[in-house]
Structures are given as C-alpha cells and as structure tokens.
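Notes follow once the structure below has been shown.
Coordinate-derived values only; no laboratory data. What you see is a predicted model, and the numbers here were worked out from it, not measured in a lab. Counting neighbours? That spans all protein chains shown, and the Cβs are built from the backbone with ideal geometry, glycine included.
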Amino acid sequence: MLAIKDVYKTFGNVEALKGLSFEVKKGTVFGLLGPNGSGKTTSIRIILSIIYPDKGEIEIGFKKIGYMPEERGLYPDMRIDELIIFFSRLRGMDKLITEKQMEFWLSRLELSDRRKDKVKNLSKGLKQRLHLLISVLHDPELLILDEPFMGLDPIAIKGLRDLVFELKSRGKTVLLSTHWMDQAEQLCDSVCLIKNGEKIYSGSLDALRMKHIKNEIYVEIEGNINFEEFQGINKVKKEGKGFILIMEKKPENFIRELTDIADVKEFRTVYPSLEDIFIEEVGGE
Amino acid sequence: MVNKVFTITRREFLKYIRSKWFRVFFILPLISIIMIYLLARIMPEEGFKLPFKEKEAKKIGIVDHSKKLIPFLESTDKYDFIQMDSTQAVEKVMSKDIDGFIIIPEDPDASKSTYFSLTVEVEIDRLAGFLTSAAIKNRLYERGLEISLAEELRKRIYITPKKITKKGEKSGGGLIAVGISMVIFLYMFIVFASQLMARSAVEEKLNGMIELILPDISPSKLLLGKLLGVTASLLCIATAWFLVGFTVIGNAVYIFQKNIAFTLPTGILFYFIAAFLLGYTLYTSFILLFVSSVSSEQEVNQAMSVGVIVIMIPYFLTFFWVIKNPNSLVSVVSSLIPFFTPLVMPMRLSIATVSLWQAILSLFLLAVSTWGILILAGKVYRLSMLMVGKPLRLSEIIRLIRMK
C-alpha cells in the first residue's frame, strides 16, 4: 500500500500541497486527477523522493517503483539497447535478468527490430514506448505514469490501456495522473481529485459516481408517450432511441407507473461521467 | 552507490570519446608521437629536417648612400644582400626579383635606414642586426682597428637563473618553464573542462529526462559521476599531449642535436598535482553554481562566461604580478586564498623560495574550500535541476544554499 498523509509542500510563496492525503491499494489502478498546477506532479515527485515534503508522512509498501514522467526526454545519441542497459545498471539489476527483461519488453512493446537504432532516430510514439519500457524494466510493484496518454495516437492509447490492464492482472499497482477523464474512467478503480494542492475526493470511482448521481434515468419504450404528463419530471431529452428524464427526486416508483402504461424496452439510471464530475468538482475557476 | 556513479561516469566518458572533437584532440597527438619517433629514427645522422624543400634565401636590395656599410654587409644562407640604386630597387621589387630593399642614409649613425617591400617584413630586427654588424665593422675600420674584433664585441652575455633554498642552490630555469606551463595548462584545462562540464551537468535538464533519471540516482551522485567522466576523457587527451612532449624530449638528441633534460623536485611535483586536481574541482564546481539553474543552451553560455571571467582574475594576477614579484605581500596573501592558490602558488614555487608552512597551509585551505564548494554546487544542482524559467540570480543561489 502507498499512503500519503497530510503532506504539505511550499515552493517560495507558492503552497503546492496543503495537507494532501490519499491511499493507493495494492493491485489496483489509481487515478490522481486534477487541473494544471493542482499538485499532481509535486505529489508524484514526493512519492519518488525526488523532492521532500515540508510536513506530512509518506508510507510506501512497495520495494520497486517504476516511473514514466510527463516530460519524456532521452539521451538522443544512445542506442535503444544501450539505454536499457544504462538504466538497468543504475537500478543495480543483474546482467542475466536485464537480458531476460529486455528481450521480453522489447518484444511486448514491438521494439525488437529497432534495438540498435539511436534514440534520435525514433518517432514520438516509439520514444513513448521506450519510456514505458524503461519504467517497467526492473519489474516494479508500483508503476507511476504521469500524463501517459499525452501525444499518443488512438492505437497507442489502446496499447497503453491494454498494458495497464495486463499489469493489473499480474498483481501490479498503477498510479496514473491524467487529464484524460475517459481513459481514467476506463482504467481506474479509485481516484483522488485534487485542486490547488488540496484533496477534493479520494476513494473508489463507483462511490464517486454514486456521490454525484443525479435523478436522471434513461428510458426506451415501444410506441410514444408524452413524458411531460407525468408528475415529478422536470425535463425530457431525446437520447438515441430513448429519452433521458430528469426527475425532481429519486425515481423509485416511476418504473412501476411506467410499465403499467407502456412496453418498456430499457430502463436504467444515468451515472454522471467522470468528466462531468471533474468539471463539477474542480471546474469553475 | 559506487556502481551508480560508475554507470554515469562510464556513459559520460564513452559519450566524449566517441565524439568528433575527441578523435581530433586524442588521435592527432598519438599520430604525432609515431611520426616524431619514426622521423627521428629515419634521419638520425643529419638530425631532424622537414621533408620539404628548404626555403630560398631572401634577396634584399641595398641602396647605401653612405657607401660605408655595403663593403661589410655579408650575405648568409637566409639573406642575399645585393647592391643597387634606388630606381633599380623599386623596379626589382615591383617585378618581384627581390623581396625588398633598404635605403641607408648618408650618415647611418645620425638617421634611420628604411626598408621597402610589397609586404610587411616580420624579421625587420634581424635585418637591423646585419646593418648593426656592418656598422660596427665600419667603425673599427675607420679607427684602424681589426675588423675581426666585431664578432667579439657583439658577443652576448647570458644569465642562468638559480634559486637559493635552505638545502643550497638549485637550478631554476627548467622549473620556471614547468611553473609557467603548469599555470597555462591548468587554466586552459579548466576553461575547456568547465565548458564540457557545464553542458554535461545540465544535459538531462535540457533534454527533458531529469525526472526519469532522478528516481534512480541522487543529483549529487549524478554530478559526481559526470565530473569523473568529463575529467577522465580530458585526462586522456592531456596524457596524449604530454606523451607528445615526452616523445619530443626523448628524441631531442635526434631532432635538435642536443639533450633536453630538467628535474622537478618531488615535493613540488606533488604540490603541482594536488593543486591541479583540487583547483580543477574548485573552479568547475564554482562554474556549476551559475550553470545549474539554466533552462536553455544559450543560457549555458551566458552563465558559464560569468564563471570563466571570474577565473581569469587569478590567471592575470599570476602573469602580471606574481611572476615579477613572487614574494611580495600581494603574492603571498593571494597564494593562501583558495580561489587564487591553484594558479598563484605553483608559479611562486617555480620562481621563488616559498616557506613550507605557506605551501602546506595553502593546500589545506584549498582542499577544505574545494570540498565546501563541491557540496554547495551539489546542493544548488539538486534544488535547481527541476526548476524552469529564468536562470537564478546570485541572491537566489544564496537562498537555495540556505534551504534545507
């Protein structure tokens, strides 16, 4: 487990973190979400001991941590294999393990035939894959990805998403910081929303959704009904083959009333998207 | 810890030895060594001679209005003096039959002679020397004395410098040359090394991989690894050039037809090496204080120039004051100030008798200061590596040093 407890960090006159706390459980995908300058990267740097907090506690229950930062530079004149060996040496990896891991990840990330290429000759997408390879080379228990979807094409995004799922299925823990709410929604088990260095929410994604659930339902019926004749419906919106009904209160008895007069094909609660929640929680500034 | 530092050192070293400039500066002296050795052995009897045609003697026209010097002006293998009138001389210069001509006035002792040519004559003093010899011979002739006395009268007096130490007198000529060489070498090495080191230190910051590497190695170890890597690559080049020097000295009997030998006392040699290593680290760390906070290649040059200009102060002090006044108050005090010690003290040791306590104290203060500034540079480097924006001002550097 990783626990950040009441962490404060100030740079000059700027308070980057103001008592931030959150927990990342083992074997889960955790999203650190917040607008620019909210303190996400500062939190990650503190977890990695690149910088130190002014106050607060960090509990790290992982021996090996992998990190892919937002800024992705590499030594341009080094070959891919040289760069991998360079990082393996910095991490004190055994030669045999390095070779095994290198072979596996070069193949997994489809870089095997480019291993002798210099970094400066790689495309942006290939550099991104190489960064990912370096971050997982030492088989970390916790992988931290800072804005991993930045600058990726849809195929690369899918590849990265699949990899995160794969790592999770192998019992690894992933902490990702991103602006991409749709990706976070698909990947994360739990999230922490931060704004101006302060926690707004920390917990499971489902609980966050439940917290922000509105009295909205999606209904698809056979034939036509004038929903506005029903009591307690504030607004009706056409959505695909059905309608979204915005109710005054929780629609507990509405389905019973509806099935009495119409053939209901689909009826479900509308959950707010993470993007809507994000905008609602941290937007407005 | 050692492995991590060595990994950085290895990468830095390989980066530089694979670069084009390294090939030029390292391979060139090695080729020179082989060439010197072979050429010296191919022509041992005649001595070392350049393998191309020797230059022909310069033809110099002489328009002697005094008629007194021309009888005594003797041509040599380098200068062929030909008597002519002024009209003829101008025509011959224009048609490039002669290299130039000298007009000697009616009274050469009272007025100056003039040299005319299409280009500026760089060896004008040598020509004046020939005229002086001719004038001396003429004066002897006019007084009815032996002309052969001229060579005797022109014979120079030489002075050999020797230092007096507590152990007795010691030859000083070679040591002065070594002292001057040491100061020039250290200064040049520092200027060159500081440029490499500055670029190397901020490489990860400028190429955007600093955050990738910092979880695996602390900034101070990264800096130490880089310092060792840059130093190792430069020492390779320095060693290669030293070998060129030793090859020349070793083959001097073939090349110059004479032996060149000097001895360097062990104590002074030890001081030179210690001052060189400590001075190099001190100055490079000093430059890093300014360079660590930059965010672009252009800012590296600006920040570095500040450091290099400051290092010029001890260099100029050494060559404009200490070399002439090695035991003056300014020289003694400055040789004890760590920032001046690496350049000032080796020069003092070479040309003057320096008290042992001064040498030991200066080395001690230098070692302590070097350690201190290395720690400070590491701290500023650590704190400024993740900073972006304008380079830090001196006040901000001081604030960083005071931070936890």
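Couple of notes before you dig in:
- Entries of A:Lys214/A:Lys235; A:Lys64/A:Lys172; B:Lys15/B:Lys205; A:Lys25/A:Lys172; A:Lys18/A:Lys172 with Cα pairs more than 22 Å apart: A:Lys18/A:Lys172
- Mean separation of Cα contacts under 8 Å (6+ apart) over length of the stretch A:183-241, as relative contact order %: 19
- Cβ-derived FRET efficiency at R0 22 Å, B:Ile360 paired with B:Leu269, nearest 0.05: 0.90
- About the Cα centre, charge dipole magnitude for the stretch A:152-235 (Lys/Arg +1, Asp/Glu -1 at Cβ), debye: 600
- The calculated FRET efficiency for the pair A:Ile51 and B:Thr119, based on their C-beta separation and a Förster distance of 51 Å, comes to about 0.15.
- Short-range pairs are left out: with C-alpha atoms under 8 Å and at least six residues apart, the relative contact order of chain A is 22 percent.
- For A:Tyr201, the residues whose amide H sits under 5 Å from its own are A:Leu193, ignoring neighbours fewer than 5 places away on the same chain, with H placed 1.01 Å from N.
- For the protein assembly as shown, the Kirkwood hydrodynamic radius comes to 33.0 Å, computed from all pairs of different C-alpha atoms.
- Between A:Lys214 and A:Lys265, the modelled labels are 2.5 nm apart [label points 7 Å from Cα along Cα→Cβ].
- Neighbour counts of C-beta atoms inside 10 Å place A:Met78, A:Met102, B:Met35 in the sequence B:Met35, A:Met78, A:Met102, starting with the fewest.
- Placing unit charges on the Cβ atoms of the charged side chains and taking the dipole of the stretch A:2-209 about its Cα centre, the candidate lying farthest along the positive direction among A:Phe165, A:Leu205, A:Gly39 is A:Phe165.
- Most mobile listed residue (A:Leu74, A:Leu274, A:Leu143) in chain A, GNM with C-alpha springs under 10 Å: A:Leu74
- Taking label positions 7 Å along the Cα-Cβ direction at both A:Lys237 and B:Asn3, the computed distance is 5.7 nm, reported to one decimal.
- Sorting B:Thr341, A:Thr98, B:Thr9 by the number of Cβ atoms found within 10 Å of their own Cβ, with the fewest placed first, yields A:Thr98, B:Thr9, B:Thr341.
- Residues B:Phe6, B:Phe270, A:Phe30 in ascending order of nearby Cβ atoms (within 10 Å, fewest first): B:Phe270, B:Phe6, A:Phe30.
- Taken about its Cα centre, the stretch A:2-209 carries a charge dipole of roughly 340 debye when the Cβ of each Lys and Arg holds +1 and the Cβ of each Asp and Glu holds -1.
- Share antiparallel - DSSP beta bridges, the protein assembly as shown, percent rounded to 5: 60
- Spin-label model distance (nm) - B:Ser220 vs B:Cys236, 7 Å beyond Cα toward Cβ: 2.9
- Leading residue at positive end of dipole, the protein assembly as shown (Cβ point charges), from A:Thr10, B:Val330, B:Ile375: B:Val330
- With Cα atoms defining each centre, the stretch B:288-365 and the stretch A:163-225 are spaced 63 Å apart in the structure.
- A Förster distance of 22 Å, applied to the separation of the beta-carbon atoms of A:Lys63 and A:Asp6, puts the FRET efficiency at 0.35.
- Taking A:Ile144, A:Ile261, A:Ile85 in turn, the Gaussian network model of chain A (Cα-Cα springs below 10 Å) assigns the largest fluctuation to A:Ile261.
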